[in-house]
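> Have a look at this one.
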Amino acid sequence: MISIKSPQDFGAGVLFILIGAIGILTGQDLAFGSARSMGPGFFPTIICALIILIGLIVAGKALVVEGPAIERIQFRPIFFLIVAIAAFGFLISKVGVVISAILMIVLAAYARREKVNILETLIFAAATAFFIVLIFVYALEQPMPVWWW
Amino acid sequence: MEVFEHLATGFLAAGSLQNLMFCFIGVLLGTLIGVLPGIGPIPALAILLPITFGLDPLSALIMLAGIYYGAQYGGSTTSILVNMPGEASSVVTCIDGHQMAKRGRAGAALAIAAVGSFFAGTIGTIFIAAFGPPLSAIAQQFTSPDYFALMLLGLIMAVVLAHGAVLKAIAMVLIGLLLGLVGTDINTGLTRYTFGISGLWEGIEFLPLVLGLFGIVEIIRNLENPPPPREPINTKFRDLMPNRQEIREAYPAAIRGTGLGSILGILPGGGAVLAAFASYTLEKKISRKPAKFGSGAVEGVAGPEAANNAAAQTSFIPLLTLGIPSNPVMAIMMGAMIIQGIQPGAAVMTTRPDLFWGMVASMWIGNLMLVIINLPLIGMWVRLLSVPYRLLYPAILLFCAIGVYSTSTEPFMMVLMIVFLIFGYILLKLGCEPAPLVLGFILGPLMEENLRRSLVISRGDPMVFLERPISACLLVAAVLMIMLIIFPQFRKKREEAFQEE
């Protein structure tokens with residue numbers, strides 16, 4: 001019975017094999033060419049093959065050598081940060097940087113486990129938005145809508 | 001002396017009021033970020049990169065260089081006062097620096113670190129001025145096979161000399177190379193790995209990749225495992241003077257550290273982190289009282305601090321003369337130069353001497369500013385440590401998002417950043433350090449192009465790499481490096497060298 005001795009390394013090996021395989025499969029329509037005249041698929045194919053090779057070694061070693069376990073995944077932080085980025089990215093051109101920045105900070109505040117003091121967060125968000133406008137719009141003159149008009 | 005003429009040009013360019021100001025802002029922001037926990041120089045540069053977009057190239061580069069060594073400097077401050085390395089190259093400073101602080105010599109440790117760094121920075125600057133021109137003259141004789149061999153060696157050394165699992169690091173470099181190839185192939189005009197997404201036709205944008213992988217993943221790491229709060233040791237400005245005994249112990253160590261750091265910085269794959277570790281090991285080895293290390297040895301602060309600063313300076317040499325970044329931090333600098341429309345390499349020195357020498361001169365000015373602003377402002381930096389993380393991280397996140405938006409207003413760029421944040425999170429969980437990926441990402445297109453050209457010249461004969469003396473030497477060195485990792489004796493040494501933490 002084969003058992004995984006190092007879950008972290010085994011996962012990494014599988015990830016590498018997966019990336020290499022995706023690279024080779026989706027790159028199949030790229031001409032490989034020859035050494036004399038390299039096609040667009042030449043270099044990527046070699047690299048993907050090497051990635052798969054290393055993936056195999058890393059995963060294989062993980063069956064033999066003891067190693068650390070994979071830490072538990074916590075969904076809360078990553079979920080709220082992604083929502084905050086997405087909200088900012090899709091709103092900034094519609095409602096301007098002030099409102100999207102405040103929204104982003106408030107959403108991001110919920111990424112941590114402790115209770116959120118909403119008043120503090122709102123005040124901090126407003127102040128930060130103000131500084132961002134000052135630095136990026138006025139001092140650095142970046143093209144960026146401040147409000148929705 | 002030609003060197004001094006060049007340096008004069010540089011000081012003239014860097015000494016303009018505008019550039020002095022950006023240098024000052026750079027070191028100040030850098031120190032600020034370096035002091036903050038959990039933000040090393042890579043995310044610091046990435047987060048602050050967008051601020052420099054509107055500037056002219058020289059000012060932008062001066063500011064970025066300032067941010068880099070400012071961050072390094074800030075890192076040593078927190079190492080000494082809080083036993084919390086702001087970044088990897090000051091990990092060793094923690095060992096003896098914090099012990100000194102506990103014994104009531106915090107001020108002396110800070111002053112020794114600052115003055116040692118400044119001395120190293122000065123020597124490092126002279127090093128660049130002296131070695132830059134001859135190296136770039138050699139570089140101009142490099143042909144495609146030589147460049148390819150050099151990049152290969154650089155990547156291999158970067159993996160071998162960095163700490164962490166070698167195989168995983170190689171995989172990271174390779175994945176970086178692959179990501180660097182996404183977009184339109186310059187020779188055929190075909191798009192590669194774009195999955196029909198028009199936002200990828202010009203390749204993966206640099207900033208969303210770096211910010212996603214480093215800036216935001218760092219936030220998640222800190223949220224999942226909040227670092228324990230630590231009380232900084234209080235210091236006052238008047239406590240800064242080291243006593244005679246300490247000075248006597250510090251200065252030879254600083255000189256050795258400077259020499260070691262200057263050399264390790266130039267090596268491809270070398271850099272500040274390696275230099276600091278190597279210097280600590282050296283000091284411990286040659287000390288007459290090695291037992292003292294770990295309980296507040298002055299040499300253990302002076303040596304590594306000088307070494308990491310010297311290496312931080314001289315690691316600019318390969319980037320500025322050969323156009324090849326020797327470590328991930330330099331890869332970010334290279335990304336910044338490309339965004340500014342400058343292709344780093346031997347040509348910069350001849351086509352834009354003001355840019356090259358201005359940057360060199362600004363490094364010295366920046367180091368001087370660091371000594372002047374840091375020591376008196378210690379109290380302020382320490383107070384910064386008490387800014388609660390709950391306020392800090394949303395602000396960092398916002399900075400990342402604004403940065404991405406200012407490179408491109410396409411909402412797709414945010415999607416890209418989210419993709420890399422998820423990828424970075426997976427890498428974190430699987431124990432893969434993503435820094436080598438950036439190196440591969442920057443070098444990917446260059447390597448492919450030089451490989452293609454080499455093989456066109458030789459009509460497909462791979463022997464071309466061994467027939468040219470330069471590339472042959474570089475490849476032999478690369479093979480030696482690989483043998484070294486396979487060779488168990490060296491592998492043990494390498495693990496020992498990084499085990500001080």
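> In terms of the ratio Rg/(2.2 N^0.38 Å) built on C-alpha atoms, what value belongs to segment B:267-355?
1.41
> Kirkwood Rh over alpha-carbon pairs of segment B:1-131, then Stokes-Einstein at 4 °C and 1.567 mPa s: what D in µm² s⁻¹, rounded to an integer?
Roughly 83 µm²/s, to the nearest whole number.
> Testing the spin-label approximation: label points 7 Å from Cα along Cα→Cβ at B:Asn243 and B:Phe487. State their distance in nm.
Roughly 4.6 nm, to one decimal.
> If r is the Cβ-Cβ distance from B:Phe11 to A:Ile22 and R0 is 60 Å, what FRET efficiency results, to the nearest 0.05?
That pair, B:Phe11 with A:Ile22, gives E of 0.70.
> Between the helical axis of B:435-457 and the dominant principal axis of chain B, each derived from Cα atoms, what acute angle in degrees is found, rounded to the nearest 10?
Taking the Cα atoms of chain B, the angle to B:435-457 is about 30 degrees.
> Going down the table (A:Lys5/B:Lys168; A:Lys61/B:Lys168; B:Lys102/B:Lys285; B:Lys102/B:Lys292), which pairs top 19 Å between alpha carbons?
Correct reply: B:Lys102/B:Lys285.
> On alpha-carbon atoms, Rg over Rh for segment B:345-387 using Kirkwood Rh?
My calculation of the ratio gives 1.31.
> Sticking with this structure for a sec: Mind giving me the FRET efficiency for B:Phe412 and A:Ser3? R0 is 45 Å, r the Cβ-Cβ distance, nearest 0.05 is fine.
Here the calculated transfer efficiency is 0.55.
> Roughly speaking, what is the centre-to-centre gap between segment B:72-116 and segment B:271-333 when only Cα atoms are used, to the nearest Å?
Cα centroid of segment B:72-116 versus Cα centroid of segment B:271-333: 14 Å apart.
> Additional query: Across peptide A:82-94, what mean number of C-beta atoms from other chains lies inside 10 Å of a residue's C-beta?
5
> Could I ask something else about it? Can you pull the accessible area of B:Thr184 for me, 1.4 Å probe, Å² to the nearest 10?
Solvent-accessible area, nearest 10 Å²: 70 Å².
> Report the far tail of the P(r) of chain A, meaning the percent of Cα-Cα pairs longer than 24 Å.
Result for the distance tail: 61 percent.
> Additional query: So how tilted is helix A:7-26 from the main axis of chain A? Cα-based, degrees 0 to 90, rounded to 10.
Tilt of helix A:7-26: around 80 degrees.
> Right, something else. What three numbers, in Å, describe the spread of the alpha carbons of segment B:167-234 along their principal axes, ordered from the longest?
Over segment B:167-234, Cα extents along the principal axes are 62, 29, 23 Å.
> Moving to a separate point now. Please determine, in degrees from 0 to 90 and to the nearest 10, the orientation of helix B:244-266 with respect to the longest principal axis defined by the Cα atoms of chain B, where the helix direction is its Cα long axis.
Tilt of helix B:244-266: around 0 degrees.
> Could you give log10 I(q)/I(0) at q = 0.18, 0.25, 0.29 Å⁻¹ for segment B:259-300, computed by the Debye formula over C-alpha point scatterers of equal weight, without solvent?
Here the Debye-derived log intensity ratios amount to -0.52, -0.79, -0.92.
> Restricting the calculation to Cα positions, tell me the Rg (one decimal) and the Dmax (whole number) of the protein assembly as shown in Å.
Expressed in Å, the Cα Rg and Dmax of the protein assembly as shown come to 24.2, 73.
> What net charge do the residues around B:Pro57 carry, taking every other residue with its C-beta under 11 Å from that of B:Pro57, with Lys and Arg at +1 and Asp and Glu at -1?
So the surrounding residues net to -1.
> How many percent of all Cα-Cα pairs in segment A:75-139 sit more than 18 Å apart?
38 percent
> When you look at the Cβ of every residue in B:166-176, what mean number of other chain Cβ atoms sits within 10 Å?
6
> Continuing with the same structure: Starting from 0.36 nm per residue, how many nanometres of slack lie between B:Lys285 and B:Gln18 once their C-alpha separation is accounted for?
Extra length from B:Lys285 to B:Gln18 when fully extended: 91.5 nm.
> Another question, then. Can you give me the three principal axis dimensions of segment A:7-64 from its C-alpha atoms, in Å, biggest first?
The principal-axis extents, from largest down, are 42, 19, 9 Å.
> Between A:Ala126 and A:Arg113, how many nm apart are label points set 7 Å from Cα along the C-beta direction?
Here the modelled spin labels are 3.2 nm apart.
> Another question, if that's okay. I'd like to compare B:169-177, A:95-103, B:404-412: which one has the highest average count of other Cβ atoms within 10 Å, and what's the full order after that?
B:169-177, A:95-103, B:404-412
> Can you pull out the trypsin sites (Lys or Arg not before Pro) in segment B:235-344 whose DSSP state is coil and whose Cβ has at most 13 other Cβ atoms within 10 Å?
Passing sites in segment B:235-344 are B:Lys236, B:Arg288.
> Give me the dipole magnitude in Debye, nearest 20, for the protein assembly as shown about the Cα centre, with unit charges on the beta carbon: positive for Lys and Arg, negative for Asp and Glu.
Dipole of the protein assembly as shown, to the nearest 20 debye: 1440 debye.
> Ok, one more. B:Lys429: which aspartates and glutamates have alpha carbons under 17 Å from its alpha carbon, excluding same-chain residues fewer than 8 sequence positions away?
List returned: A:Asp9, A:Glu66, A:Glu71, B:Glu218, B:Glu224.
> Please compute the net charge surrounding B:Val173, taking Lys and Arg as +1 and Asp and Glu as -1 over other residues with Cβ under 15 Å from its Cβ.
That sum, taken over residues with Cβ under 15 Å, equals -1.
> In chain B, if every C-alpha pair distance is counted and binned at 10 Å from zero, what percent goes to each bin?
4, 20, 31, 28, 14, 3, 0, 0
The values are calculated or read from the model by the stated rules, or taken from the named source; none is laboratory data. What you are looking at is a predicted structure, and each value in this text was computed from that prediction instead of being measured. Every residue, glycine among them, receives a Cβ derived from its backbone with ideal geometry; neighbour counts consider all protein chains shown. These accessible areas exclude ligands, DNA and RNA; they are computed on the full protein's heavy atoms, side chains included. Shrake-Rupley method; radii C 1.70, N 1.55, O 1.52, S 1.80 Å.
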